[in-house]
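The values are calculated or read from the model by the stated rules, or taken from the named source; none is laboratory data. From a predicted model like this one, the values you see are computed outputs, not experimental measurements. Glycine gets a Cβ as well: all are built from the backbone with ideal geometry, and neighbour counts include every protein chain shown. For the accessible areas, the whole protein counts, side chains as well, though only heavy atoms, and no ligand, DNA or RNA atoms are used. Shrake-Rupley method; radii C 1.70, N 1.55, O 1.52, S 1.80 Å.
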Amino acid sequence: MPFTILLTGFGPFPGAPTNPTGPLVMELARRRHPAYAGVRRIAHVFQTSYDAVDRELPVLPRAGANPTHLLMFGLASRTRHLRIETRARNAL
């Protein structure tokens with residue numbers, strides 16, 4: 001059964017003048033591979049702020065994205081390895 005994945009990344013922020021998550025989601029949405037057959041991939045890069053996510057995320061399904069799955073990438077500048085989080089926390 002075909003499905004749609006919304007891939008999200010973020011722009012730069014203080015302490016991370018280049019954020020690899022933006023280019024990563026754009027590449028994942030663009031890349032062609034037989035394993036992606038039947039999978040619609042949509043990329044969205046948020047400006048790095050709570051307001052941007054709160055404002056834009058609810059609108060994306062109404063703008064035609066209509067995702068069945070959501071995969072959000074983030075950058076933890078002090079972490080040297082890949083980790084999977086089930087919730088985001090800002091220590092500030």
Counted residues, the stretch 43-92 - those being at pLDDT 80 or above and more than 16 Å from residue 10 (Cβ to Cβ): 8
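So, in the stretch 68-82, exactly how many residues are polar (S, T, N, Q) and free of Cβ contacts under 8 Å to residues at least 40 places away in the same chain?
Qualifying residue count, the stretch 68-82: 1.
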Go through the stretch 6-21 and report how many residues are under 10 Å from the mean Cα position of the chain (by Cα), part of a strand (DSSP E or B) and within 19 Å of residue 78 (Cα to Cα). 2
Would it be correct to say that residue 23 is exposed (fewer than 13 other Cβ atoms within 10 Å of the Cβ) and either farther than 11 Å from residue 71 by Cβ or modelled with pLDDT under 90 (or both)? no
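Yes or no, residue by residue, for (1) among the polar types (S, T, N, Q); (2) under 16 Å from the mean Cα position of the chain (by Cα):
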| position | (1), (2) |
| --- | --- |
| 23 | no, yes |
| 51 | no, yes |
| 61 | no, yes |
| 66 | yes, yes |
| 77 | yes, no |
| 81 | no, no |
For the stretch 34-78, enumerate the residues that are closer than 17 Å to residue 23 by Cα, assigned to a loop (DSSP other than H, G, I, E, B) and open to solvent by 70 Å² or more (accessible area, probe 1.4 Å). 47, 77
